[in-house]
Amino acid sequence: MKKLTLSASDFASLLKEGGYGRQSKNIKKQYGLNEIPPAAGSDFSDRVISCIGKSSMSIFYHAEEQRGMALHASSGKEALVEWVEGDQYTFWFQPYHEGMEELFKDFFALQEEREAVQVEEVKIQKWLIYEDSFEEDEWNELLEEEGVSEEERKTVREFKEKGYGPPNVVTTIFPGRLTSYREEAFIAGEGYVWLLDPETVEDSFFLGLKKIGVAEYVERLVLQAKEVLSPHKAEVKKFSIKRGMMFQLKGQIPLLVVVAILCVNMQAWEADGWLEIAVMVIFYEFFLGILSLFACLSPRRLFHI
């Protein structure tokens with residue numbers, strides 16, 4: 001599998017030369033780079049830079065400080081991997097059908113479960129995760145606290161013994177909506193992961209956790225990558241009579257409802273009442289016909305995500 005390794009300076013230089021000045025400036029700002037010398041490119045590097053610059057669909061993975069990974073949309077069969085350690089960037093094209101599970105296990109240092117994992121859901125105090133150090137008496141006080149369930153005590157003991165670091169974060173950028181994203185955080189255990197309940201992440205005190213097996217979670221990550229990065233686009237037609245006819249049929253529903261309501265009191269109509277109804281229907285059908293024409297001309301782009 002062909003790989004490309006670049007320093008942050010060379011990466012920023014190639015982005016600039018490829019016409020992606022905004023991305024280049026972001027790299028320079030991130031690493032405090034002022035002047036960047038020209039970098040030698042190749043056909044493979046041109047393909048990598050073009051894929052990053054044009055991609056509107058990406059998933060970002062953060063395992064620890066100065067270490068990250070991103071998957072960028074490339075084609076329906078593979079994704080572009082961007083692996084970052086310090087100021088070194090490594091790129092390669094990863095097929096969806098092989099090696100994706102190992103990629104996630106390697107990046108997050110996930111261990112295979114030795115036995116079946118029982119799904120558990122608990123709530124713990126947030127400071128157990130987001131604080132760096134605790135005194136022994138603080139741990140003991142929490143373990144002896146009244147009102148704490150046995151499942152919660154077991155989880156607290158685990159966090160005390162393992163000394164878990166900050167949560168890993170998975171950020172999904174949705175296509176065409178760069179300001180819209182979804183984040184998921186988890187803590188890697190031995191053969192399982194603790195998923196952080198997103199609805200309780202902003203809570204000031206308690207945090208919800210769900211325990212699932214590594215194999216199940218990795219399968220979810222692979223499925224997410226396939227669904228988000230290789231969306232199936234429906235065929236787009238510039239002119240569709242069928243689309244216009246469907247709009248026309250749907251538009252008849254409110255007209256039929258209104259006419260039916262008016263006909264309830266038909267016996268009280270004046271002699272020319274039917275004429276007023278006819279004029280209303282003619283004008284309605286005229287404007288509905290114009291809107292149906294626009295419906296025929298308007299292309300529709302579908303993403304199944």
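The values are calculated or read from the model by the stated rules, or taken from the named source; none is laboratory data. Worth saying up front: this structure is predicted, and the values here are computed from it rather than measured. Every residue, glycine as well, gets a Cβ built from its backbone with ideal geometry; the counts of neighbours run over all protein chains shown. These accessible areas exclude ligands, DNA and RNA; they are computed on the full protein's heavy atoms, side chains included. Shrake-Rupley method; radii C 1.70, N 1.55, O 1.52, S 1.80 Å.
Failed condition for PHE104, given (1) in contact (Cβ under 8 Å) with a residue 40 or more places away in the chain; (2) not in a helix (DSSP H, G or I), with all others met?
(2)
Checking the condition modelled with pLDDT of 80 or more and under 35 Å from the mean Cα position of the chain (by Cα), which residue from GLY251, GLY244 passes?
GLY244
Name the single residue that is modelled with the highest pLDDT among those in region 205-241 being under 30 Å from LEU80 (Cβ atoms), of a type in the set (Lys, Arg) and open to solvent by 90 Å² or more (accessible area, probe 1.4 Å).
Keep residues of region 205-241 that are under 30 Å from LEU80 (Cβ atoms), which gives 212-236.
Within this subset, residues satisfying the condition of being of a type in the set (Lys, Arg) are 220, 226, 233.
Checking which are open to solvent by 90 Å² or more (accessible area, probe 1.4 Å) leaves us with 220, 233.
On the way: ARG220: 90, LYS233: 47.
That would be ARG220.
Every residue, every condition in (1) at pLDDT below 85; (2) polar (S, T, N, Q); (3) open to solvent by less than 80 Å² (accessible area, probe 1.4 Å); (4) not in a helix (DSSP H, G or I), yes or no:
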position	(1), (2), (3), (4)
VAL259	no, no, yes, no
GLN267	yes, yes, no, no
GLU270	yes, no, no, yes
LEU275	no, no, no, no
ILE282	no, no, no, no
GLU285	no, no, yes, no
GLY289	no, no, yes, no
SER292	no, yes, yes, no
ILE305	yes, no, no, yes
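Taking only region 13-70 into account, find how many residues are touching a residue at least 60 places away in the same chain (Cβ under 8 Å), within 30 Å of TYR164 (Cα to Cα) and among the small types (Gly, Ala, Ser).
2
Working only within region 80-118, note down all residues that are of a type in the set (Ser, Thr, Tyr) and either in contact with a Pro (Cβ under 9 Å, 6 or more places away or on another chain) or surrounded by 15 or more Cβ atoms within 10 Å (Cβ to Cβ) (or both).
If the condition is that a residue be of a type in the set (Ser, Thr, Tyr) and either in contact with a Pro (Cβ under 9 Å, 6 or more places away or on another chain) or surrounded by 15 or more Cβ atoms within 10 Å (Cβ to Cβ) (or both), then TYR89, TYR96 are the ones that fit.
Just one of (1) modelled with pLDDT of 85 or more; (2) among the polar types (S, T, N, Q); (3) more than 29 Å from ILE187 (Cα to Cα) trips up SER75, so point out which.
All conditions are met except number (1).
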